[in-house]
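Report on the following structure.
The values are calculated or read from the model by the stated rules, or taken from the named source; none is laboratory data. Remember, predicted model here, so these are calculated numbers, not experimental data. In this analysis, Cβ positions are derived from the backbone assuming ideal geometry, glycine residues included, and neighbour counts consider all displayed protein chains. Just the protein is used for accessible areas: all its heavy atoms, side chains included, with ligands, DNA and RNA removed. Shrake-Rupley method; radii C 1.70, N 1.55, O 1.52, S 1.80 Å.
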Amino acid sequence: MTNIPFGKPMIGDVERDAMTAVLRGTTLTHGPKCAEFETAFADYVGVKHAISTSNCTTAIHLGLIACGVGFGDEVIVPAMTHVATAHAVEHCGAVPIFVDIDIETGCIDPKLIEEKITQKTKVIIVVHFIGLPCDMASINAVAEKYNIDVIEDSATALGAKHNNKFAGSLGKLGCFSFYPTKHITSLEGGMLTTDDDHVAAKVRSQRAFGYDKGLGERQIAGVYDIASLGWNYRMSEGHAAVGHVQLSKLPYFLEQRKKNAERLVAELCKISGLSVMPPVHKQSHSSWYCVNIIVSEKLTKSRNELVGLLNAEGIGTSVHYPVALPHSKYYSQKYPIAKGKFSQAQHLAANTISLPCGPHVSDQDIVRIIEKINEILSP
Ligand SMILES: *Cc1c(COP(=O)(O)O)cnc(C)c1O
């Protein structure tokens, strides 16, 4: 019996050769590999600009700064997401204003956004939960009414679509992650996508210290001015070379994910006491980051017992996400909240299990996952 890990990077000889070629050359950063990866990524998502970064968290940080977020501003953040989404807001000296989720999709509940908007609100960050795009029509309508920008945290939504447009092209800007378990990997890495020339120029400059000229734009080598307080959030040439090869494999990866996930969903839906997060919801089509099930109180086994039994059978799982952020230690100490708030996010955090559906999962693996869950839950 082989183990089925929750996530496994699909790295082949083409990626290894691409990395080695960079290491044999002289340009390790600031070079053509990043530019090539960026052009291909922008083409795929269908946006004017894609800007590579060191990871998705730094992409969100740069995106917030480019939208003018600063000290004391407020940014709307879903209560159920990876902590990176909220931390990026904190790093701007701004305040994350949490909004509960729609339990059906795991995405921010658009009906709850408007009541949280104040004079200080600058940005709404939406998170396409485990790859399912949010209800962008409703969210963009609220944002337009109050003249607020929308940032899409698309870390787990590469290839997902809403109204036939790709995630990352649906708001002011989008942010992607190439962490090893995401749809494609560059070891660590991120990308910011936008159609806005002003945002793109600002992000390009600020990911590299706030230089006023890129390496290729300098008339005298080593001579530049500093236009703003920037960071060093660049991607290296080696990371970009790997990411670019991975992007060329994305259609195949997505096909495998869809096939695996559809089989899992079809069978898991039949088990009473489990609900399965939907792959398609209204105008949104998931990119199948994972298959989330929600364990109901009716079951004899708790979420953690079920996880333990699956892991003991060699079936890897994860939890997206283990805590409703406003109830996490850091955020609840900094911004105290009443018990019972963000109840939908709390319910998900306590009862969900993420199952693997990545391209590393075989047809036999899917059969085994379904059999084991049925076996464990049979009375
Ligand atoms: C993985 C993830 C991030 C963080 O991405 P990094 O590249 O590790 O910084 C942010 N948001 C969401 C929703 C994620 O899943």
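What number comes out for accessible area per residue over the chain if the probe is 1.4 Å? Units Å², please.
Numbers: 16620 Å² over 379 residues.
That works out to 44 Å² for each residue.
So what are the three principal axis dimensions of the chain from its Cα atoms, in whole Å, longest to shortest?
The Cα atoms of the chain stretch 75, 53, 37 Å along the principal axes, largest first.
Shape call for region 271-334 from the C-alpha gyration tensor, a ≥ b ≥ c root eigenvalues: rounded (a/c under 1.5), prolate (a/b greater than b/c) or oblate? Intermediate values should be presented prior to the final figure.
Working: a/c = 1.66, a/b = 1.08, b/c = 1.54.
Cα axes put region 271-334 in the oblate bin.
How many percent of all Cα-Cα pairs in region 1-129 sit more than 19 Å apart? Present the calculation step by step, with values, prior to reporting the outcome.
Numbers: 5349 of 8256 pairs.
Tail of the P(r) past 19 Å holds 65 percent of the pairs.
In degrees, nearest 10, range 0 to 90: what is the angle between the Cα axis of helix 197-206 and the longest Cα principal axis of the chain?
80 degrees
Mind checking the angle between helix 56-66 and the chain's longest principal axis? C-alpha axes, 0 to 90 degrees, to the nearest 10.
Helix 56-66 and the main axis of the chain meet at about 50 degrees.
Take each of the peptides 67-73, 36-42, average the number of other beta-carbon atoms within 10 Å over its residues, and list them starting from the highest.
Numbers: 67-73: 15.3, 36-42: 19.9.
Peptide ranking by packing, descending: 36-42, 67-73.
Which lysines does residue 270 reach when only Cα atoms under 26 Å apart count, and residues fewer than 8 places away in its own chain are ignored?
258, 259, 282, 298, 301, 372
Give the residue from 327, 236, 14 lying farthest towards the positive end of the charge dipole for the chain; charges sit on Cβ (+1 for Lys and Arg, -1 for Asp and Glu) and the dipole is referred to the Cα centre.
The listed residue farthest towards the positive side: 327.
Determine the distance separating the Cα centre of region 20-80 from the Cα centre of region 182-253; give it in Å without decimals.
Using only Cα atoms to place each centre, the spacing works out to 5 Å.
First check a/c for region 5-49, with a ≥ b ≥ c the square roots of the eigenvalues of its C-alpha gyration tensor; if it is under 1.5, answer rounded, and if not, answer prolate when a/b is larger than b/c or oblate otherwise. Write down the numbers at each step before the final one.
On the way: a/c = 2.70, a/b = 1.05, b/c = 2.56.
Taking the square roots of the gyration eigenvalues as a ≥ b ≥ c, region 5-49 is oblate.
Compute the separation of the alpha-carbon centres of region 109-125 and region 259-299 and state it in Å as a whole number.
Region 109-125 and region 259-299 have Cα centres separated by 29 Å.
Based on the alpha-carbon gyration tensor of region 150-244, what equivalent-ellipsoid semi-axes (square roots of 5 times the eigenvalues) come out, in whole Å, largest first? Walk me through the intermediate numbers first.
Working: eigenvalues 149, 59, 20 Å².
The three semi-axes for region 150-244 are 27, 17, 10 Å.
Quick check: the angle from helix 136-146's long axis to the longest principal axis of the chain, C-alpha only, nearest 10 degrees?
The two axes meet at around 50 degrees.
Note down the Stokes-Einstein diffusion coefficient of region 230-379 in µm²/s, whole number, using a Kirkwood radius over alpha carbon pairs, 25 °C, and 0.890 mPa s.
On the way: Rh = 17.7 Å.
Here the translational diffusion coefficient equals 138 µm²/s.
Answer rounded, prolate or oblate for region 107-209, using the Cα gyration tensor with square roots of eigenvalues a ≥ b ≥ c: rounded when a/c is under 1.5, else prolate when a/b is larger than b/c, else oblate. It would help to have the intermediate numbers written out before the result.
Values: a/c = 1.98, a/b = 1.28, b/c = 1.55.
In terms of gyration-tensor shape, oblate.
Hey, can you rank 326-332, 295-301 by average C-beta count inside 10 Å, highest first? Mind dumping the intermediate values first?
Working: 326-332: 16.3, 295-301: 12.4.
Final packing ranking: 326-332, 295-301.
At q = 0.16, 0.25, 0.26 Å⁻¹, what base-10 log of I(q)/I(0) does the Debye formula yield for region 75-155 when every alpha carbon is treated as an equal point scatterer in vacuo?
-0.51, -1.31, -1.42
Rounded to a whole number, what % of the accessible area of the chain do carbon and sulfur atoms account for, probe 1.4 Å? Provide the component values of the computation, followed by the final result.
Numbers: 8920 of 16620 Å².
Result for the chain: 54 percent of the exposed heavy-atom area is carbon or sulfur.
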